[in-house]
Amino acid sequence: MNKVLVKGLHSTLKEPLNCILWNTFESDWELNATYQLQFTCYDDQSVGYSLIDSESSIFFDGQEYIVKQCLPDFSGGIEIKQVVAIHVYNEVQQVRQYKIKTGTLTYSVSDVLSFYLSGNAMGFTYSVIGNFDKAQLTDLGNESGKDMLSKIISTWPDAVIFPDNKKINVYSLAAFTKNYGARIDYLRDTTEIKLTYDSTNIVNQVKVFGKTKDSDNENSDVEEYYFPPHFVTNQESVNKWGLHQGEDISDERFTDSAAIDKYALTQLTPEPSLTIDATYSETDKPIAGEQRRLEIRKTGYVTSVQVMAYVWYPFDKTQPTQLTLNNTVKTILDYQKNTNNQLNKAIADQKKLSSGILAARQTASKAFNSRLTGMPVVNTKRMLRDATLPAFTLMVPDDNAEMGLTKGQTFHVTTRADLVEGLTAFVDGKIPEIPNYGLATPSENGLMSAGDKDKLDKLKIEPLTSIQMKDAVSGSIYMITVENGEIRVKKGG
């Protein structure tokens, strides 16, 4: 992790600053606005602590910052200092150009930087990265270096001031934008994404006034212009949002109508502003101007955004980085498209819900009409004697096509003995037990008596050759046989 060093205003030595309450140390940056450090430190009796004072220098992450606020606080026997240090490039306000280039002249960004900074005694240098059109400025000079930067930003709205210590780097927005393939996914990389969509400042039409001509008539109060004052309109914005007029633009630099029209269009705000604030779950160092893919999967919102501001806590991993993302036209259009998609989805879901309600109503009606009813069974003595619940013969209250029944028709259901409640208890004890019989023998009873078994054993298998018969009157025994087709009877066995 980068060390924090301090150097007194008139000192030449840099001392380490180890008395910082590290969870208070934050690095703040916002495009063309803020570039500073904030922290609180305590008196550890070190040289570094004693060097912290207004106009002392703080060195961190390769950059120098100048202490502008140093607020000592004494409480409970402990001395602390609350410190705000701004980036050293802001000291360019101490550079002043007293000369004036009179008249309305055409300048490049480099021309302006060179006019103010060439030969300055404070060591400021400059660089221009990207492409800028030339622009007209009137009576340039007699201003500070800070005024110079403000003039560059107002004249070239696409300009980004991003310094490297005392080197003033002026980027075009296209050159400043870098895409390293990073992304921000809601609930994966961020715990919160806040989108502020504000149409308050829409301006899509202004009236422009250019340079006035010198009049030969000293008594005339009528101003004569190089071109007639007229309205400049972003018609696409008017068609979308209605007419929103802004303050007149009167600029003596312009003698050409087309030139002031082009300039005026850059001063309009044709779309509502969209500010995206994200609480980043990571704690890594943000890259100013980095372009990232933003996705909120829950709503299907996907767009490309640029880091335009951040608050970074480099020494405290418990505090997530806070990012402010840009409101480019593409981002706004993606937002509008997503909003329309959500609206269309809501309408489709409503239609689907309505269809579902209708289908549910139809199903419910069908279920009601398909319910079962019945006629009570009251004509059996057993039921009156044994039943604890009423019995019914089932019937349908309405036509039931699925069952093939008409309204009021009775029917029975197929069941099984093991499914009939109380059947087991009912028949228990009513069926006699089957005796266990063994095999019968001529001497032991079994499935039959021993005597029957003996008789059975004496039976001969047909056909018989003879049969004994007893005379019913005398009781004599006769043997009946068939011999050569003739029946013969012999007395005696």
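The values are calculated or read from the model by the stated rules, or taken from the named source; none is laboratory data. Predicted model, so just to flag it, every value in this text is computed and none were measured. Every residue, glycine among them, receives a Cβ derived from its backbone with ideal geometry; neighbour counts consider all protein chains shown. Remember, those area values only see protein heavy atoms, side chains included, never the ligands or the DNA or RNA. Shrake-Rupley method; radii C 1.70, N 1.55, O 1.52, S 1.80 Å.
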task = Sort out which residues of region 165-188 are open to solvent by 10 Å² or more (accessible area, probe 1.4 Å) and either farther than 22 Å from Thr324 by Cβ or assigned to a loop (DSSP other than H, G, I, E, B) (or both), and write them in order of number.
result = Asn165, Lys166, Lys167, Thr177, Leu187, Arg188
query = Quick one: what pairs do we get from region 395-423, first residue farther than 13 Å from Thr373 by Cα and in contact (Cβ under 8 Å) with a residue 60 or more places away in the chain, second open to solvent by 50 Å² or more (accessible area, probe 1.4 Å) and part of a loop (DSSP other than H, G, I, E, B), C-beta under 8 Å, 6+ apart or different chains?
reply = none
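Quick one: which residue in Asn23, Asn18 is in a helix (DSSP H, G or I), over 17 Å from Asn165 (Cβ atoms) and under 46 Å from the mean Cα position of the chain (by Cα)? Step through it out loud before you land on a result.
Numbers: Asn18 fails: in a helix (DSSP H, G or I).
Answer to the check: Asn23.
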query = Taking into account only those residues within region 382-418 that are of a type in the set (A, V, I, L, M) and touching a Phe, Trp or Tyr at 6+ places or on another chain (Cβ under 9 Å), which is modelled with the highest pLDDT?
reply = Leu405
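Val203 - would you say it is open to solvent by less than 60 Å² (accessible area, probe 1.4 Å), over 25 Å from Gln36 (Cβ atoms) and touching a Gly at 6+ places or on another chain (Cβ under 7 Å)? Even if it seems obvious, please write down each step before you answer.
Working: open to solvent by less than 60 Å² (accessible area, probe 1.4 Å): yes; over 25 Å from Gln36 (Cβ atoms): yes; touching a Gly at 6+ places or on another chain (Cβ under 7 Å): yes.
It is true that Val203 is open to solvent by less than 60 Å² (accessible area, probe 1.4 Å), over 25 Å from Gln36 (Cβ atoms) and touching a Gly at 6+ places or on another chain (Cβ under 7 Å).
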query = If you take the residues in region 62-100 that are outside any strand (DSSP E or B) and open to solvent by less than 60 Å² (accessible area, probe 1.4 Å), which one is farthest from Asp147 (Cα to Cα)?
reply = Val88
request  = Run down Glu91, Glu79, Glu143 and say which single residue is under 25 Å from Thr12 (Cα atoms), out of contact with any Cys (no Cβ under 9 Å at 6 or more places or on another chain) and touching a residue at least 12 places away in the same chain (Cβ under 8 Å).
outcome  = Glu91
key: Selection within region 32-50 - open to solvent by 40 Å² or more (accessible area, probe 1.4 Å) and either in contact with a Gly (Cβ under 6 Å, 6 or more places away or on another chain) or of a type in the set (A, V, I, L, M, F, W, C) (or both)   = Ala33, Val47
inquiry  = Would you confirm whether or not region 432-450 contains a residue that is in a loop (DSSP other than H, G, I, E, B), at pLDDT below 70 and not aliphatic (A, V, I, L, M)?
reply    = yes
ask   = Which one of these is of a type in the set (Asp, Glu), in contact with an Asp or Glu (Cβ under 9 Å, 6 or more places away or on another chain) and on the phi < 0 side of the Ramachandran plot: Glu143, Glu79, Glu91?
value = Glu79
query = For region 148-155, does any single residue satisfy the condition of being charged (D, E, K, R), open to solvent by 10 Å² or more (accessible area, probe 1.4 Å) and not in a helix (DSSP H, G or I)?
reply = no
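Looking only at residues that are among the β-branched types (Val, Ile, Thr) and part of a loop (DSSP other than H, G, I, E, B) in region 307-322, which one is most open to solvent (accessible area, probe 1.4 Å)?
Filtering region 307-322 for residues among the β-branched types (Val, Ile, Thr) gives 307, 311, 318, 321.
Right, trim to part of a loop (DSSP other than H, G, I, E, B) and you get 318, 321.
Details: Thr318: 114, Thr321: 1 Å².
Of everything passing the filter in region 307-322, Thr318 is most open to solvent (accessible area, probe 1.4 Å).
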message = On the basis of being in contact with a helix residue (DSSP H, G or I) (Cβ under 7 Å, 6 or more places away or on another chain) and part of a strand (DSSP E or B), does Phe59 make the cut?
response = no
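Determine which member of the set Val95, Val84, Val47, Val4 is farther than 30 Å from Thr255 by Cβ, over 45 Å from the mean Cα position of the chain (by Cα) and modelled with pLDDT of 95 or more. Let's see the steps before the verdict.
On the way: Val84 fails: over 45 Å from the mean Cα position of the chain (by Cα); Val47 fails: modelled with pLDDT of 95 or more; Val4 fails: over 45 Å from the mean Cα position of the chain (by Cα).
It is Val95.
Select from region 114-145 the residues that are within 14 Å of Lys167 (Cα to Cα) and either open to solvent by 60 Å² or more (accessible area, probe 1.4 Å) or among the aliphatic types (A, V, I, L, M) (or both) and list them in ascending order.
Leu117, Ser118, Gly119, Ala121, Met122, Thr125, Tyr126, Val128, Ile129
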